[in-house]
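The values are calculated or read from the model by the stated rules, or taken from the named source; none is laboratory data. Computed from a prediction, not measured in an experiment: that's the story for all the values here. Methodologically, a virtual Cβ is constructed for each residue, glycine included, from the backbone with ideal geometry; neighbour enumeration extends over all protein chains shown.
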Amino acid sequence: MGLFDIPKRPDKSNDLKVAKKSNRKANKSSSTVRVGNSTLQVISNIKAMVEKNLGYLRDKYIVISDIDTLHNYISACIDNNIISIDTETTGLDPMLDKIVGICIYTPNQKPAYVPVNHISYVTGARCSNQLTEKECKAEFDRIAEAKIDIIMFNAKFDIRVMRNQIGVYMTCTWDCLLAARLLNENEPTNRLKELHKKYVMGGKGDAFSFDALFKGITFDKVPIDVGYLYAAHDAEITYELYDFQKPYLTADNEICINSSLQDVAWVFTNIEMPCIESCCDMEDNGIEFDFEVQKKLSEKYNKLLREKQALCYTLLENYQDDIDKYIVKHPNCKLSNPINLSSPAQLAVLIYDVMQIEPVDKKSPRGTGEDILKKIGTKFCLALVDYKKVSKLVSAFVDSLSDYVNPNDGRIHCNLNQYGADTGRMSCSNPNLQQIPSHTKDIRHMFKATGGYVLMSSDFSQQEPKTLAAMCAQAGDSQLLDTFLAGKDLYSEIASKSFNVPYEDCKEFRPDGTVNHEGKERRTQAKSILLGILYGRGEKSIADQLKVSEKKAHEIKSSVFKAFPAISKFEQDSKDMAYELGYVTTVCGRKRRLPDYSLPEYEFNYINGVAPDDDLLDFDDEEELITEVPENIQDSYLRQLNRAYSYKAKQTIIDKAKENGITITCNSLKIADAERQCVNARIQGGAADLTKLALIDLTHNEELKSLGFRLLIPVHDEVIAECPEENAKVCAELLAKTMSRAAEKILKMPIKCDVEVTKCWYEGSG
């Protein structure tokens, strides 16, 4: 296992700043316990804790409160050609929350804190001995103009704060957060201090987390003589983390070469870092919200929700006697009367105890999720599925989206997590506009173009299969690539060769424009099989989608593999790569580490770490205690487990082993999940690379800028933008052309982008 190949699950938190800038629930630790609720008590606790842990740094760190000192410090940064920057703010909204101070550091200078907007926690008045935002702008503009290396952690936040609060536009050279994600996307933490402790300090020392202390108070109320220690420390350790990371992501560095990270370094330099500016622009631009449309949709969907709820309760009337009897017999049960349809605990009791329905999912024997309810398939369960869908729409979108509207401009500025998924795909939060269900497009009516503007959406045509074709070509098989270069529809070509029928008989439409129903069905089957493979779906899932038996799905898949052996080879090569190397790669060289794939099916350990002192094992007192379960005992259990074909039988063996002091861990689910990701990560990660490259080129297209074009939201492989109505035609053409060229440079084949121009995000009927 390499330095960055740590087999741990990633932290799924957003790429937000640490809790000193938020009201998030803090990590509980003995060193961060908050005593008392008053502001005075909070400040007292902060003073004591900072002094205890960072007081020794008073002579090492400085406060810059006069313009001459700041000017000289910035000059030193320019001379060094590098600066580390971190900002302190009153909250997590770069557009609405105030900048409190700026943390800076450059080698051979003391880490410094520049206070800007601290206020007295007693009077609320602005503290003296601070620089103004105007003074800071003049000096930090020098940094932007000098184009020196700028080091940050979660650069998108700090860049937007500097933009929106003091008017300084700067570009980050090295984002330590993005670097950490690229070096190991399975890293269990995304926090600066913990990463610094782990990699720079070798796991020694404290991570100096005072999050609990800052809960309930904004940083502007923290006294400068205390806050500067905490803040300046961030700038210094950001630089130190950068200094550690740099050799691994510098392509010509020996460490990078020996670690096989040259391609990852290319992704960092040419995709992730340039994409920061695109994300900043999209977050700042936002998208306009239509309150009138929301009002109408709220009435529509809340009425529908009441109808779905009423149907569920009507169906429950058939079980009311059973419910009443159960409550009488089990007075402490979790059931209410009426049943809370939104409570998983109550639904589990209702379905499995009152209705006595047998579990249909081994992983979740008392599950109440939509997939499980569909499998159960009773009238009530199916009605409950419908209720849950509408309820989620209402709570997550229809009635809540207005809460995110910026009061100053009437627009929603969502947070884009540039490395939101382990594959490298972006995610979206506050709100998550990427998760608006495709079958309820009328919800997108709430998003409209700015007055005098039009919206335009553009997405890649057949992005995933073309990514597959490019990667197969890289591996030496151009069969799929040749199909695209010949101008053929891949799905129709796959159907033609798989079903041994002419190509024209596998197209959706005949030459005269009429629908070819048989051809459409063949093409749909081929498409479902191919995308199922690319998404890592099993044959059962594909069979369910096609509404055929698993046997039939297997037959279709086999025929596709036979006709296009490159697809089968790609799937197998991906699995082999994951098993042998511990990771798979995208078309651009991004790594997705899958350490679980090489796990043994079963792991054996002694419960107390050593063999129990009984007759299970025969060893002399003089021998060392056995800490690993001997192979002969493992083999004995493995033979038993392999002969047991049912879940119950396997569990009996595992329980028996526990009685003998041995725990048996079954890794089959982890292995299966990793196997599913082998192909999916390469395709989805490759698609993410292409979309980010397109965003970068769109951001820097000077012709589009001159026409008033601006990016708004990325939705997977779709890009939402807007431009003045009079420039719509030209911008649409340039948008499609720019996106296509960005992808074609990587794929080495034509890829079409379809552009739709509208007044709102989606103008079709819901």
Test for Gly476: is it on the phi > 0 side of the Ramachandran plot and more than 34 Å from the chain's Cα centre (by Cα): no
Long-range neighbours under 8 Å by Cβ, at least six apart or interchain, first residue surrounded by fewer than 21 Cβ atoms within 10 Å (Cβ to Cβ) within segment 718-747, second part of a strand (DSSP E or B) and acidic (Asp, Glu): Glu718/Asp459; Ala736/Asp754
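Table: residues versus (1) modelled with pLDDT under 95; (2) in contact with an Asp or Glu (Cβ under 9 Å, 6 or more places away or on another chain).
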position: Asp211; (1), (2): yes, no
position: Gly216; (1), (2): yes, no
position: Lys221; (1), (2): yes, no
position: Tyr230; (1), (2): yes, yes
position: His233; (1), (2): yes, no
position: Asp243; (1), (2): no, no
Residue match in segment 390-405 (condition: loosely packed, with under 14 Cβ neighbours inside 10 Å and over 24 Å from the mean Cα position of the chain (by Cα)): no
Residue match in segment 402-410 (condition: assigned to a helix (DSSP H, G or I), out of contact with any Phe, Trp or Tyr (no Cβ under 6 Å at 6 or more places or on another chain) and of a type outside the set (Ser, Thr, Tyr)): yes
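For (1) touching a Leu at 6+ places or on another chain (Cβ under 6 Å); (2) modelled with pLDDT under 95; (3) not assigned by TED's automatic domain parsing to the domain that holds Cys381; (4) not in a loop (DSSP other than H, G, I, E, B), each residue gets a yes or a no:
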{"position": "Arg306", "(1), (2), (3), (4)": "no, no, no, yes"}
{"position": "Tyr313", "(1), (2), (3), (4)": "no, no, no, yes"}
{"position": "Gln320", "(1), (2), (3), (4)": "no, yes, no, yes"}
{"position": "Pro338", "(1), (2), (3), (4)": "no, yes, no, no"}
{"position": "Asp361", "(1), (2), (3), (4)": "no, yes, no, no"}
Subset of segment 124-135 that is of a type in the set (S, T, N, Q) and either outside any loop (DSSP other than H, G, I, E, B) or modelled with pLDDT of 95 or more (or both) - its residue that is surrounded by the fewest Cβ atoms within 10 Å (Cβ to Cβ): Thr132
Options Tyr105, Tyr121, Tyr61, Tyr73; residue that is surrounded by 14 or more Cβ atoms within 10 Å (Cβ to Cβ) and free of Cβ contacts under 8 Å to residues at least 40 places away in the same chain: Tyr73
Residue match in segment 146-168 (condition: at pLDDT below 95 and either surrounded by fewer than 19 Cβ atoms within 10 Å (Cβ to Cβ) or in a helix (DSSP H, G or I) (or both)): yes
Residue that is surrounded by the fewest Cβ atoms within 10 Å (Cβ to Cβ), among those in segment 497-529 that are in a helix (DSSP H, G or I) and polar (S, T, N, Q): Thr524
Selected residue (only one of Ile376, Ile372, Ile351, Ile323 is free of Cβ contacts under 8 Å to residues at least 24 places away in the same chain, surrounded by 15 or more Cβ atoms within 10 Å (Cβ to Cβ) and among the hydrophobic types (A, V, I, L, M, F, W, C)): Ile372
So Ser84, is it surrounded by fewer than 22 Cβ atoms within 10 Å (Cβ to Cβ), polar (S, T, N, Q) and out of contact with any Cys (no Cβ under 6 Å at 6 or more places or on another chain): no
Selection count where residues are buried (at least 23 other Cβ atoms within 10 Å of the Cβ) and under 14 Å from Gly532 (Cβ atoms), scope segment 571-598: 0
